[in-house]
Amino acid sequence: MAAAYIVDAVRTAGGRRGGRLSGVHPVDLAALSLDALMERTGVDPSAIDDVVMGCVSQAGEQAMQVGRNAVMASKHLPQSTPAVTIDRQCGSSQQAIQFAAQAVMSGTQDAVIAAGIESMSRVPMGSNATFHMKEGLGHCKSPGLEAKYPNIVFSQFMGAEMIVKKHGLSKDDLDRFALASHQKAIAATNAGAFDNEIVPVTIETPEGEQQHTVDEGIRFDATLESISSVKLIQEGGSVTAASASQICDGSSGVLVVSEEFLKTHNLTPLARIHNLTVTAGDPVIMLEEPLFATDKALQRAGLSIGDIDLYEVNEAFAPVPLAWLKHTGADPDRLNVNGGAIALGHPLGASGTKLMATLVHALKTRGKKYGLQTMCEGGGVANVTIVESL
């Protein structure tokens, strides 16, 4: 089968809810990542076969095919560039990468941008469902679904607490993991580790026009005391807002191309996509599926967890990567080496390509070979993507 290559991967620095990126329309924010890929690679924009855009809350400013709207708002991509918007919950843009790779590997397309957008300030999480419920326009849980899962509320917060209990984790474990996320993100920021992946965003501030280039969610003064003092999300539980991913605004993108496209456009790839896996399991505990998806991906790739040099496991909640470490026997020192969503934010539909940008650049900087990315997703689904740095 033909190979698929990542030529470049970019992201905006995260913006906190109501923070530095909240004044930017999500369509324009998404277009910035698309344009950055064109500018950085020098690829003729007319050569792009498709744009696959992940977005979870497809409502309001993110409604009406936000991927296509981002293409039309782009400075570089022509209106002849197709686009599609997809929702695999938190894994939306990781699935965008996999769809792009599948298109290239099948030979049906040669150059596809996988991207993601989520402005959680301007389009609040879940508003695409809650607005309709408040207006009396129905609920996503159908009679048939209720019959199979009677009186069950599918909740990521409940799922996180279930993982805590099932895998024998403590609140102290979660708090220490959260602190480490901030500490790694601080070290990465200070060392310039994100410089090659971050797309500057011009914003208006009371002090005048500025470039947004630093992830706003990082707590540079974080301590174990400050993290452990945050109120529990659920009474009697272990997870707090400090040990969960931060609400975040951001966009990201990855250019995926064929080997022939590399040659004809004289491009040097960052990585080759080695394996694409997606699985589904228990929708109630919901967030545990990355553990089992990783098992399947490694088996299909003919690799062991020890063969993987760096892992990006999305920090939706601290229990997820902690349970993943216990299940896989992975080396904690290879996990989220530049921090994760607890410190850097989780812009839902943009997180998949955001994590891939961090992963491929970290592999290159550190001179490592294999990287694995996975994340939990609503409904008990998980994607795993394994890449080989070149």
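Observations, loosely collected:
- Note on the stretch 90-113: among residues that are under 17 Å from the mean Cα position of the chain (by Cα) and farther than 17 Å from Pro26 by Cβ, the one that is surrounded by the fewest Cβ atoms within 10 Å (Cβ to Cβ) is Phe99.
- Residues in the stretch 190-210 that are surrounded by fewer than 11 Cβ atoms within 10 Å (Cβ to Cβ), in contact with a strand residue (DSSP E or B) (Cβ under 7 Å, 6 or more places away or on another chain) and of a type outside the set (Val, Ile, Thr): Glu209 only.
- Some residue of the stretch 247-269 being touching a residue at least 40 places away in the same chain (Cβ under 8 Å), within 16 Å of the chain's Cα centre (by Cα), open to solvent by less than 30 Å² (accessible area, probe 1.4 Å) and over 27 Å from Ala103 (Cα atoms): yes
- Test: Ala147 is open to solvent by 50 Å² or more (accessible area, probe 1.4 Å) and either farther than 30 Å from Glu235 by Cβ or in a helix (DSSP H, G or I) (or both): yes
- Residue within the stretch 126-143 that is of a type in the set (Lys, Arg) and under 28 Å from Pro269 (Cβ atoms) present: no
- Scanning the stretch 171-211 for residues that are of a type in the set (Ser, Thr, Tyr), out of contact with any helix residue (DSSP H, G or I) (no Cβ under 8 Å at 6 or more places or on another chain) and either closer than 28 Å to His361 by Cα or modelled with pLDDT of 95 or more (or both) returns Thr189, Thr202.
- Of all residues in the stretch 111-120, none satisfies being touching a residue at least 12 places away in the same chain (Cβ under 8 Å), more than 14 Å from Val256 (Cα to Cα), part of a loop (DSSP other than H, G, I, E, B) and of a type in the set (D, E, K, R).
- Residue selected from the stretch 41-83 under the condition among the acidic types (Asp, Glu) and outside any loop (DSSP other than H, G, I, E, B), by the criterion nearest to Ile6 (Cα to Cα): Asp50
- For the stretch 361-384, a residue qualifies if it is of a type in the set (S, T, N, Q) and either open to solvent by 30 Å² or more (accessible area, probe 1.4 Å) or under 30 Å from Lys148 (Cβ atoms) (or both), and the qualifying residues are Thr365, Thr374, Asn383.
The values are calculated or read from the model by the stated rules, or taken from the named source; none is laboratory data. Predicted model, so just to flag it, every value in this text is computed and none were measured. Positions of Cβ are backbone-derived with ideal geometry, glycine not excepted, and every protein chain shown enters the neighbour counts. These area figures cover heavy atoms from the full protein model, side chains too; ligands, DNA and RNA do not enter into them. Shrake-Rupley method; radii C 1.70, N 1.55, O 1.52, S 1.80 Å.
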